[in-house]
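Below is the structure I would like to discuss, written out as structure tokens.
The values are calculated or read from the model by the stated rules, or taken from the named source; none is laboratory data. From a predicted model like this one, the values you see are computed outputs, not experimental measurements. FYI the Cβ positions are ideal-geometry reconstructions off the backbone, even for glycines, and counts take in every protein chain you see.
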Amino acid sequence: MKLLNILIISLLTMAAAVAQTPVQMKVDGMSCGFCVNGVKKKLSTAKEVENIDVNLESGLVTFTVKKGIKVDRKKYLDLIEKAGYDPREIKVGDEIKSGKKAYAKQVNYVPASDIITTTFKVAGNCGMCKKKIEGAARSVKGVKFASWDAETNTLTVKYDDKKAALMDIHKKIAAVGYDTDLVRADDNTYNELHSCCQYERLDAGKGE
Amino acid sequence: MLLSRSVSNAQGPPILTEKPIMLGEGKGTVRLMYVYAAADRLNARFIMPSVDYNINNRIALELGLPFQQYVGSGKGFVLSDVMVSGKYQYFKQDLQGKTVRLAAKLGHSFYVAKQHAHLRPAGTMIWGSYGGLVAGMESLRIGIIGDFGFSYVRDIAPRINETFFQGKLSVGVPLLKHVFPIRQLNVYLESEVTDQVNARSAVFYLAPGVQYVFGTIAFEAFYQRSVAHIGNNNYYPVETLGGGIRFIY
């Protein structure tokens, strides 16, 4: 019976640990064993942070975030800077095992899990259409990649889900005269396209 | 002057030498030291509480309140010089397990003690200002800190003001493997030179010390001795023995 209780408690503890989100930060400048206590104290001011561990040799600061609470990377980066050190990298969850770099100060750095890749139909004809369609898609803030295939009339786009909405991409393409499978271009705008660009309209295009 | 000045200005490891800002915003240390200082003509004991606080990760303020007792005077401890100082860290380069930092420091001491009937008053009897630089390189294996500056003291003798150069150099080495929570034993060898700029009077000290860090608390002890001097050093400490505790809040 006692053994069963121990087993149950162990399983519950493991379950609780799994439910928490692990975070790993690479921090530069940690060399003073006494002073680095300030890092732990500063991180502890975030109530959702638990199980803080600091490894001076590797420069890693690891902790967990309570279940159900979103990991706010910027908050933890700011806390480390306020503690007097330089955060170089922050990884959350599966990123820790992936081995990929996750630089804290990388320009336009976006955690991989927030990038969405999708494809959809965009009608068009030629190389000029390709240029306009891709240009319109990339002009939407948050879009990282856009490539239109003339043969299949398919646009592949990668965008940051936090910064861009898919419908905005559809609307922007339609605004320059090209039907998508969700948004139909205005007739006047379509008519203004160069003759070689006037593709067969998508009847399935839905105007908004 | 040096009976009350040379010990209390240290912040964080090392023990006697100043350190560039290593803690972050809203953090600081509280420190309590007990020091026995022996000079040629008189000996004194000090109880030295001090507290420092980081306004942000670049600016720190410190307050020191040394209480002094002359040995054999029959008197108790009295507050001698009140010391206030501020540091501004203007350079920081952090690498993995290593950091280089530079800070500018300004300080002032206020003479507040009463005179004893037949002894020199506690403290320095004078108001003094200090300006200097603190430079430090710390890695996981060694810490080298330098603290150099000038003190200007008023009325060191009737209508005589004087300038002193004060330089400190500390080398510290951790002995144990780094673990977390922190359990570390540090050993230090610190040196200090004090030179009265306009007179032939200078003293050079060496001070071995040991420090045990247990989480956010550090216990430390040191022995400082003058190993060379030029000119009259009747009131410079010949040897100083001290120990204390500090913690991060």
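Which members of region A:134-155 meet the condition of being under 17 Å from the mean Cα position of the chain (by Cα) and either crowded, with 16+ Cβ neighbours inside 10 Å or at pLDDT 95 or above (or both)?
Once the filter is applied, which keeps residues that are under 17 Å from the mean Cα position of the chain (by Cα) and either crowded, with 16+ Cβ neighbours inside 10 Å or at pLDDT 95 or above (or both), region A:134-155 yields A:Arg138, A:Val140, A:Gly142, A:Val143, A:Lys144, A:Ala146.
Moving to a separate point now. Go through region B:1-45 and report how many residues are modelled with pLDDT of 75 or more and outside any loop (DSSP other than H, G, I, E, B).
Qualifying residue count for the region: 15.
Which of the helices (runs of 4 or more DSSP H) found entirely inside region A:1-86 contain at least 1 residues meeting this: modelled with pLDDT under 85 and more than 14 Å from chain B (Cβ to nearest Cβ)?
A:2-19
Taking the residues in region B:38-64 that are over 16 Å from the mean Cα position of the chain (by Cα) and crowded, with 22+ Cβ neighbours inside 10 Å as candidates, determine which candidate is farthest from B:Ile248 (Cα to Cα).
B:Ala44
Among (1) outside any strand (DSSP E or B); (2) modelled with pLDDT of 85 or more; (3) of a type in the set (A, V, I, L, M, F, W, C), where does B:Val100 come up short?
(1)
For region B:167-189, indicate whether the set of residues that are assigned to a strand (DSSP E or B) and at pLDDT below 85 is non-empty.
no
Just to verify a result, which residue in region B:53-70, among those that are more than 11 Å from chain A (Cβ to nearest Cβ) and among the polar types (S, T, N, Q), is nearest to B:Lys87 (Cα to Cα)?
Of everything passing the filter in region B:53-70, B:Gln68 is nearest to B:Lys87 (Cα to Cα).
Related question: Here are A:Lys171, A:Lys162: which of them is surrounded by fewer than 20 Cβ atoms within 10 Å (Cβ to Cβ) and not in a helix (DSSP H, G or I)?
The match here is A:Lys162.
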